[in-house]
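Please treat every number below as a calculation from the coordinates, not as lab data. All values derive from a computational prediction rather than experimental measurement. Neighbour counts run over all protein chains shown; Cβ positions are idealised from the backbone, glycine included.
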Ligand code: ADP
Ligand code: 5GP
């Protein structure tokens, strides 16, 4: 069996990564999302082990020392990281895994795991991005200001990704990502097992 696909989805906060990933998971039964560890405090409604593994700074730094993260970054003052073992195990056993991570993390994965598929979610405009973050109602004024400041900077990194998907309309953006995943899975290079099996029959 060929390896599963590692799909990295990133983009500025509020660009719609979470919304799109939730839809993707509903529509694509054989794909999973990696649950990150973070030192950020849980928001109302967030569940341990579902949204994140919530750990303290000391524990996070211990895991960095132990090389337990595929990537990690400090985002808006908190650590976030992808637990390495589980994600790689799933990929090795042929399952596709999505990482919904920030741009610093995506660039690390690109260095360490260039086989990944890197998708940048682009908001229609900075004004709309601000409306969406405000509308989400999860962040204070200061946090929103910080996120908007970073967003301007982050847009410059879009060129480092394989694909840019405009999230104007959620359903259309989700469809585009499904098509990208489907095309990537059909690449000859990812189907050596299939090709060899057919030759044997
Ligand atoms: P991210 O995960 O990138 O930080 P979210 O998925 O939390 O972003 O989206 C931020 C807010 O914008 C949410 O309230 C979400 O419902 C809304 N949103 C996402 N995509 C769209 C869209 N295409 N049109 C309008 N609102 C959207
Ligand atoms: P939030 O606090 O809104 O849940 O996430 C803040 C930012 O951290 C988002 O851009 C999100 O994609 C990013 N993030 C979440 N998990 C990870 C992770 O494991 N690694 C990295 N590098 N970023 C992450």
> To two decimal places, what compactness ratio does the chain give when its Cα radius of gyration is scaled by 2.2 N^0.38 Å?
Replying inline: 1.06
>> Which of 32, 15, 93 ends up with the largest GNM mean-square fluctuation for the chain, with Cα atoms connected below 10 Å?
In response: 93
>> Assuming 0.36 nm per residue, please report the length gained on full extension of the stretch residue 179 to residue 136 beyond their Cα-Cα distance.
In response: 12.7 nm
> Expressed as an acute angle from 0 to 90° and rounded to the nearest 10, what is the orientation of the C-alpha long axis of helix 17-27 relative to the principal long axis of the chain?
Replying inline: 40 degrees
> Helix 141-155 sits at what angle to the longest principal axis of the chain, using alpha carbons and giving 0 to 90 degrees rounded to 10?
Replying inline: 40 degrees
> What's the extension gain from residue 128 to residue 78 if we count 0.36 nm per residue and subtract their Cα-Cα distance?
Replying inline: 15.5 nm
> Efficiency by 1/(1 + (r/R0)^6): what FRET value for residue 27 and residue 61, r their Cβ-Cβ distance, R0 = 25 Å, to the nearest 0.05?
Replying inline: 0.10
> Stretched out fully, how many nm does the piece from residue 35 to residue 111 gain, at 0.36 nm a residue minus the Cα gap?
Replying inline: 25.3 nm
>> Helix 170-185 against the longest principal axis of the chain: what's the angle in degrees, Cα atoms only, rounded to the nearest 10?
In response: 30 degrees
>> If you restrict to DSSP beta bridges whose two residues both lie in the chain, what percentage is antiparallel, to the nearest 5?
In response: 30 percent
